[in-house]
Every structure is written in C-alpha cells, then in structure tokens.
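The block underneath contains the structure these notes are about, expressed in structure tokens.
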Amino acid sequence: MAFSMGNGQTRSSLAEINITPLVDVVLVLLVIFMITEPVLQSGIEVNVPKTRMVKEITQQRMVVTIDRSDNIYLNDQPVNIHDLPGKLRAGSSDAAHQAIYLRSDEQVSFGNFAHVMDAVKQSGITNVSIVTQPMETKGSGSGK
C-alpha cells in the first residue's frame, strides 16, 4: 500500500511479521521431542520394575523387550528366542562393543528373563542395560 505525502513522494508501509516468538516455540518443542524420543522408543506396553537408582537414557540402542505374556520383541518386531542371537549379530557390525537396552515386564519370571539374557550373550553382546523406572518418593520430610 502506498501513501501520498503531498509533495509528489510516495512512501510504502512496512508490514513485518515478528517471527522470533515462533522460532522460540519451535526450538522448545524440538528440545522436548529430542529428550522424550528415547523414552518413547517402543510402543509395546511393559510395566518395568521400579528402582531407586535410574540413569537417564541418552543413547540410541537396540531394544529387546519381554512383555507380560513372555513375547519377545527386537525394536518393536516380534522375534523367536532362537532367532534372537542371529538378529542381534545382524544388527551390529561389532557385537563386542554393541550395547542394548533390555526391557522386561515386572511380571516376567526370572527363568524367562535369564533365557533372553542367555540369547543376548550368545550374540556376543556383553553391554546390556536393564530399563527400569524411578520409584515414587513419599514426601521429602518423611525422616527415613
């Protein structure tokens, strides 16, 4: 839109959109998604055990999951326990330095958990992190 100044000059209005707040919101959303993405790794519902010492997941790794019905998954894909060592080896170029996360429902028996651990060890992977969730703390002034 042009305005006439009366002396023959025309001046156009400057309509600018301030995108700084938009960039701020987008960056905050990006940070939130980057932090929560490893936690949302698997769509398989597993009630992992609660522990006091929980380390935040910071690296992207393969995830082996045992659900309540003793079904085994490798990165959301169902897998037979006998095929697990081969699939873990195929997913890694250097199994000795490969690290994986092991998620298990708290209702899974120790025997089934041990069988899956044995299958993981057969693949040559020795760095296994067991996924847990933090215990809920009672009031901070409980005196215990």
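Observations on the structure shown:
- Whether the range 62-131 is rounded, prolate or oblate, judged on the alpha carbon gyration tensor where a/c under 1.5 counts as rounded: prolate
- Comparing N75, G111, I100 along the charge dipole axis of the range 62-131, the residue lying farthest to the positive side is I100, per the Cβ-charge model.
- Of all DSSP-defined beta bridges confined to the range 62-131, some 35% are antiparallel rather than parallel.
- The relative contact order of the range 62-131 comes to 39 percent, based on Cα pairs under 8 Å that sit 6 or more residues apart.
- Annotation: amide H of I130 within the under-5 Å range of L102, sequence separation 5 or more or interchain, hydrogens built in the peptide plane.
- Packing-based order for 106-119, 20-33, using average beta carbon neighbours within 10 Å, highest first: 106-119, 20-33
Read the figures in this text as sums done on the coordinates, not as results from a lab. Source: prediction; values computed, not measured. In this analysis, Cβ positions are derived from the backbone assuming ideal geometry, glycine residues included, and neighbour counts consider all displayed protein chains.
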